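First up is the structure itself, then whatever we jot down about it.
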Amino acid sequence: MDMIELDGSLGGGQLLRSALTLSLCTGIGFSIHDIRAQRRRPGLMRQHLTAVNAAARVGNACTHGAQLGATALRFEPGPVQAGDYQFATGSAGSATLVLQTVLPALWQAAAPSRLRLEGGTHNPLAPSADFIADAYLPALAKMGVQATLELQQHGFHPAGGGVLEVAVAPCATLQHCSFDSRGALASIEAKVLMSGLPSAIGLRELQVLAQKLGVDPHPRHVHAVRPALGPGNVALVHVRHAEHVDVFSGHGERGVSAEQVGARLAGQVQHYLQGSGCVGEHLSDQLLLPMALAGGGSLTTGRISDHLASNARLIEKFLPVEFDWQPHDGGWRVTVSR
């Protein structure tokens, strides 16, 4: 089996997850050392291990070193198999990151699949379930991917307990797609999720978003999560343009006022709106791998993040594609080609 050697100190958990996805999709194995070496707690944490085990099950893979705290891993993929799968992080670790790890392999399978994912659904350092459902999956749909997500139960850090149900249809060939223009602004909508905390906090966040973005501050946009498995708070802003939808989030945390949460989130949205790029920073990074699997595509975005650059270089190790980015209209245009 072809094997690729990877240096895990060059990135975090994303480098590992992208390698797992690419290995499943290409049949090329990999070994990785110094996993997350630059992080405060190096090695595989629970959500990373869940992603490894999920990829191994979906791809009938052999793994060596798949255990908590491991700083080296060998992954040898087999044939990807469609089916009904259930994966749980056993903590508030992100369920959406596990989903993104196995989703491309499952849409390449010959039959439909269903996933039940348990863990965190709204984590500060991961895409929210709302982002996946309303930004990521619609972008993939333009490329031909048919997948739906249902949020059965919210899960916040540190309690977790969230549940996602995902259905994936086969997609043998992805279409080349250009995310170059977002079109005219259609609407900006905000909502706040509260779990086990006073709704007044959410109302204060919403008021700041109303002042800075002009969204509707009506109390109906504050949603109490039931059952409340633990304290949690996330404010979400959907920015809808004629050709694209992006979702931005801000998370409540101890020692940070509701006004600060709202102001930070408004700043993210304003930065996006003031630029000309179609795709926000986080989504731009996540669309690289699907575009590479399609063999071509392009997007415009406001900045080239370290995540995007490192992800592009990793993808080029597994697939016969090349990424390029050039300054474009105050931002950047990213292209992938064979």
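For the stretch 1-157, just run the numbers: alpha carbon Rg, then divide by 2.2 N^0.38 Å, N being how many residues it has.
Working: Rg = 14.9 Å, N = 157, 2.2 N^0.38 = 15.0 Å.
This ratio for the stretch 1-157 stands at 0.99.
Could you work out Rg/(2.2 N^0.38 Å) for the chain, with Rg from alpha carbons only?
That works out to 0.97 for the chain.
Determine the dipole magnitude for the chain: charges of +1 sit on the beta-carbon of Lys and Arg, -1 on that of Asp and Glu, nothing else is charged, the reference point is the Cα centre, and the result goes in debye to the nearest 20. Each step should come with its number before you reach the end.
Working: 25 positive and 26 negative charges, 123 e Å.
The calculated dipole for the chain is roughly 600 debye.
Which of the three applies to the stretch 140-243, rounded, prolate or oblate, going by the alpha-carbon gyration tensor with a ≥ b ≥ c and a/c under 1.5 meaning rounded?
oblate
Note down the relative contact order for the chain as a percent, whole number, built from C-alpha pairs under 8 angstrom at least six residues apart.
Normalised by residue count, the contact order of the chain is 13 percent.
GNM, the chain, Cα, under 10 Å: largest mean-square fluctuation among G161, G183, G230?
G183
Could you put D285, D329 in order, starting from the residue whose Cβ has the fewest other Cβ atoms within 10 Å?
Details: D285 23, D329 11.
Arranged by neighbour count, lowest to highest, D285, D329 become D329, D285.
Average projected area of the Cα convex hull of the stretch 185-274, in nm²?
Convex hull of Cα atoms, orientation-averaged projection: 5.7 nm².
Need one word for the stretch 1-77: rounded, prolate or oblate. Basis is the Cα gyration tensor (sqrt eigenvalues a ≥ b ≥ c); a/c below 1.5 gives rounded, then a/b vs b/c decides.
Since a/c reaches 1.5 and a/b is larger than b/c, the shape of the stretch 1-77 is classed as prolate.
Quote to one decimal, in nm, the extra length available between S199 and S181 on full extension: 0.36 nm per residue of separation minus the C-alpha distance between them.
Stretched out fully, the S199 to S181 stretch lengthens by 2.7 nm.
With a point put 7 Å past each Cα toward its Cβ, work out how far H328 is from L68 in nm, to one decimal.
Between H328 and L68, the label points sit 4.5 nm apart.
Got a sec? How would R17, R204, R39 order by Cβ neighbour count within 10 Å, fewest to most?
The most exposed by this proxy come first: R39, R204, R17.
Run the reach check for K191 against lysines, Cα to Cα strictly under 23 Å, same-chain hits fewer than 8 apart removed. What comes back?
K212
Per the helix-only calculation at 222 nm, which mean residue ellipticity applies to the chain, given -39500 (n - 2.57) for every DSSP H run of n ≥ 4 and division by its residues, nearest 500 deg cm²/dmol?
-10000 deg cm²/dmol
If you build a Gaussian network model of the chain, linking Cα atoms that sit under 10 Å apart, which residue out of A200, A167, A263 swings the most?
Highest fluctuation of the listed residues: A200.
Can you return the aspartates and glutamates within cross-link range of K317? Criterion is Cα-Cα under 19 Å, with same-chain partners fewer than 8 residues away left out.
Cross-link targets: D2, E5, D7, D34, E76, D285, D306.
None of the figures in this text is laboratory data; all of them are computed from the coordinates on show. Quantities reported herein were computed from a predicted structural model and do not represent experimental measurements. As a convention, Cβ positions derive from the backbone with ideal geometry for all residues, glycine included, and neighbour counts pool all protein chains shown.
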